[in-house]
Amino acid sequence: MLEKKAETFNMNRVIDDFDEMTRNADQVQKQTLKEILHKNKSAIYLRNFGINGDTTTDPEGDFKALVPLVTDSELEPYIKRMVDGDTSPILTGHPVPAISLSSGTSQGRPKFVPFTDELMENTLQLFRTAFAFRNREFPIDDNGRALQFIFSSKQYISTGGVPIGTATTNVYRNPNFKAGMRSIMSLCCSPDEVIFSPDVHQALYCHLLSGILFRDQVQYVFAPFAHGLVHAFRTFEHVWEEIVTDIKHGVLSSRITVPSVRSAMSKPITAPNPELEDTISDKCLSLSNWYGLIPALFPNAKYVYGIMTGSMEPYVKKLRHYAGDLPLVSHDYGSSEGWIAANVTPRLCPEEATFAVIPNLGYFEFLPVSETGEGEQEPVGLTEVKVGQEYEVVLTNYAGLYRYRLGDVVKIMSFYNKTPQLKFVCRRNLILSINIDKNTERDLQLSVESAAKRLSEEKIEVIDFSSHVDLSTEPGHYVIFWEISGETNEDVLQDCCNCLDKGFIDAGYMSSRKCKTIGALELRVLEKGTFKKIQEHFLGLGSSAGQFKMPRCVKPSNAKVLQILCENVVSRFFSTAFE
Ligand code: AMP
């Protein structure tokens, strides 16, 4: 595919187009579904359900009546055929150019999803839309740059010959990415080789160094997730003296060993610059506990941008500290499966952020989430949702996902013209998550099951268990509470603790443990009878004994239960599995 020429960006036109589209959200949805079904009319999946593209007078009605709601597990066999190189029209009319490795939604575990040129187009459309609204509130300079902490992991080729990478990798490697970024005045400070560096630590160092070298041009600072922003500036606290030494002498640190990165960085860092070294050193030394670091380093930055909602909320406090007076702007809402909604009210703080669904990115349905979690209801259309109600998002897109339950729960806050503005609430099935890790109740259960095998060698059972994400430590870590049926020695329990840690096989968890952005898992063994006390607590609140379910993950908001657990700890172990 050839790189497209950068389109000229016209802020008012993009906003007008969005306004027009959202005024007609209902018709746009119908039209989008029609186009999706037309493009993929030869797909075996659709044909199996009796959908024949253009031959119906009521595509929407037929589609809803004939095609079932699915989760990733139902689509897995179809996608596997595509990964294995079957080029027949399985889910899409034409073979897909790549597959994305998602960190997981509905099941909270990594999975493959198709990536197509339309998804790339959607990505650029969403970037343009969000940028137009941001730029209206916080205009940036034409010749500016963005300090973007972005990292592309490796793309590999499946045995069936299909390129596979994370969704962001597929986007960054797409030939149209750079032109798209240029058109919205968001060119990265770092050379491409840094983004594609096989070593993320070296890449982060070079992103920071490049940002400083372009400090007067930096218009905003970005990472996809707030966690990435906090991690970047925490790292800066440790490496800034090395960075300024590089600048002073005009020589790149010997820590950068990847040849492509060294060679690319020799362009921005050409000559000694003791003046810049002086300025940055003065700034760093004058800050109090690094408060306001970002505006001190980048005097022309207008805002800090990244996902700050959902599981990223715990990082907002630290980010505010680094950002000082700079506004924090929440990045948009989407997933590897496709983009969904843009932040068109960028002045709202992260706690208030909402996202307006873009009606031509896919065909959207919303499955009501009942408070009791009981009784499945029928999904409603994009324009039929009710303000104040929570729904699970159901997506149909150009890339072969039809009535696909995303597993995310959102709350409708208001309408922008006729399209809903929503707030991200949580992942439906996820219970343990600190940064990029995603573990469900089932993952916890599997981990406990595997560790309990070690215990059963001693003829002891796990009576009951629960978990908690402890963010009071830096970095945060998982705590697993166990009540066990007998006494055993400390070595056995230490083994169990390591086993629990290794039992979480989610790629995000394992990589975070390896690079220590998640701390050692902690096993806390409880006094006998603790879980009974918890049950009694719930019964006291009016739960029915028959329906009582042990909370498998205790949130800080559940203070009483956490207190019962913590008051009854008899011994604690920290995993050494990743040392
Ligand atoms: P992935 O499946 O790895 O692409 O991650 C996508 C998931 O990240 C979504 O399904 C959401 O659960 C979460 N996510 C994406 N955007 C946001 C956002 N703006 N706020 C909160 N969570 C988000």
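The values are calculated or read from the model by the stated rules, or taken from the named source; none is laboratory data. Computed from a predicted model, the values in this text were never measured in an experiment. Quick reminder, even Gly has a Cβ in these numbers, built from the backbone with ideal geometry, and neighbours come from all protein chains shown. Ligands, DNA and RNA are stripped out before the accessible areas are found, and what is left, the full protein with its side chains, is counted by its heavy atoms. Shrake-Rupley method; radii C 1.70, N 1.55, O 1.52, S 1.80 Å.
Among the numbered criteria (1) at pLDDT 90 or above; (2) open to solvent by 50 Å² or more (accessible area, probe 1.4 Å), which single criterion is violated by Val96?
If we test Val96 against (1) at pLDDT 90 or above; (2) open to solvent by 50 Å² or more (accessible area, probe 1.4 Å), just (2) comes out false.
Counting only residues that are of a type in the set (Ser, Thr, Tyr) and farther than 16 Å from Leu493 by Cα, which one in the stretch 431-468 is farthest from the chain's Cα centre (by Cα)? Steps first, answer last, please.
Applying the first criterion (of a type in the set (Ser, Thr, Tyr)) to the stretch 431-468 yields 433, 440, 447, 450, 456, 466-467.
Filter again for farther than 16 Å from Leu493 by Cα, leaving 433, 440, 466-467.
Details: Ser433: 11, Thr440: 15, Ser466: 25, Ser467: 22 Å.
Per the criteria, the residue is Ser466.
Among (1) open to solvent by 60 Å² or more (accessible area, probe 1.4 Å); (2) among the acidic types (Asp, Glu); (3) more than 16 Å from the ligand (Cβ to nearest atom), which single condition is Glu76 missing?
The one condition Glu76 does not meet is (3).
Quick one: is Tyr156 among the aromatic types (Phe, Trp, Tyr), open to solvent by 10 Å² or more (accessible area, probe 1.4 Å) and free of Cβ contacts under 8 Å to residues at least 24 places away in the same chain?
On the way: among the aromatic types (Phe, Trp, Tyr): yes; open to solvent by 10 Å² or more (accessible area, probe 1.4 Å): yes; free of Cβ contacts under 8 Å to residues at least 24 places away in the same chain: yes.
Yes, satisfied.
Quick check, is Met120 in the same structural domain as Val221 (by the TED database) and either open to solvent by less than 20 Å² (accessible area, probe 1.4 Å) or outside any helix (DSSP H, G or I) (or both)?
Answer is no for this residue.
Starting from the stretch 162-179, take each residue that is more than 19 Å from Gly334 (Cβ to Cβ) and list its partners that are assigned to a helix (DSSP H, G or I) and more than 16 Å from the ligand (Cβ to nearest atom), counting only C-beta distances under 9 angstrom and pairs at least six apart or across chains.
Val162/Met82; Val162/Val83; Ile164/Val83; Lys178/Asp192; Ala179/Leu124
Residue by residue through the stretch 410-432, note down the ones that are near the ligand (Cβ under 10 Å from one of its atoms) and surrounded by fewer than 24 Cβ atoms within 10 Å (Cβ to Cβ).
Lys423, Phe424, Val425, Cys426, Arg427, Arg428
If the Cβ limit is 6 Å and pairs must be 6+ apart or interchain, which residue in the stretch 310-321 that is of a type outside the set (S, T, N, Q) pairs with which residue that is away from the ligand (no atom under 12 Å from the Cβ) and modelled with pLDDT of 80 or more?
Pairs that qualify, where the first residue is of a type outside the set (S, T, N, Q) and the partner is away from the ligand (no atom under 12 Å from the Cβ) and modelled with pLDDT of 80 or more, are Pro314/Leu471; Tyr315/Val230; Lys318/Val230; Leu319/Leu229; Leu319/Val230; His321/Tyr291.
Can you tell me how many residues within the stretch 433-449 are at pLDDT 85 or above, more than 12 Å from the ligand (Cβ to nearest atom) and open to solvent by 40 Å² or more (accessible area, probe 1.4 Å)?
Start the filter on the stretch 433-449 by keeping residues that are at pLDDT 85 or above, which leaves 433-437, 439, 444, 446-449.
When the remaining residues are screened for being more than 12 Å from the ligand (Cβ to nearest atom), the result is 434, 439, 444, 446-449.
Going one step further and asking which of them are open to solvent by 40 Å² or more (accessible area, probe 1.4 Å), we end up with 446, 449.
Count: 2.
What is the residue count in the stretch 341-400 for residues that are at pLDDT below 95 and polar (S, T, N, Q)?
3
Please return the ranges of helices (runs of 4 or more DSSP H) entirely within the stretch 241-347 where 2 or more residues are charged (D, E, K, R) and more than 16 Å from the ligand (Cβ to nearest atom).
Because the criterion is at least 2 residues that are charged (D, E, K, R) and more than 16 Å from the ligand (Cβ to nearest atom), the helices (runs of 4 or more DSSP H) in the stretch 241-347 that meet it are 274-286, 316-323.
Return yes when Lys516 is at positive phi and either in a loop (DSSP other than H, G, I, E, B) or out of contact with any strand residue (DSSP E or B) (no Cβ under 8 Å at 6 or more places or on another chain) (or both) and no when it is not. Before the answer, list the steps.
On the way: at positive phi: yes; either in a loop (DSSP other than H, G, I, E, B) or out of contact with any strand residue (DSSP E or B) (no Cβ under 8 Å at 6 or more places or on another chain) (or both): yes.
Taking the combined requirement at face value, the residue satisfies it.
Can you confirm whether Val28 is more than 16 Å from the ligand (Cβ to nearest atom) and either of a type in the set (A, V, I, L, M) or not in a helix (DSSP H, G or I) (or both)? Don't jump to the end; show me each part of the working.
Working: more than 16 Å from the ligand (Cβ to nearest atom): yes; either of a type in the set (A, V, I, L, M) or not in a helix (DSSP H, G or I) (or both): yes.
Spelling it out, Val28 is indeed more than 16 Å from the ligand (Cβ to nearest atom) and either of a type in the set (A, V, I, L, M) or not in a helix (DSSP H, G or I) (or both).
Taking Val492, is it away from the ligand (no atom under 16 Å from the Cβ) and touching a Ser or Thr at 6+ places or on another chain (Cβ under 7 Å)?
In short, no.
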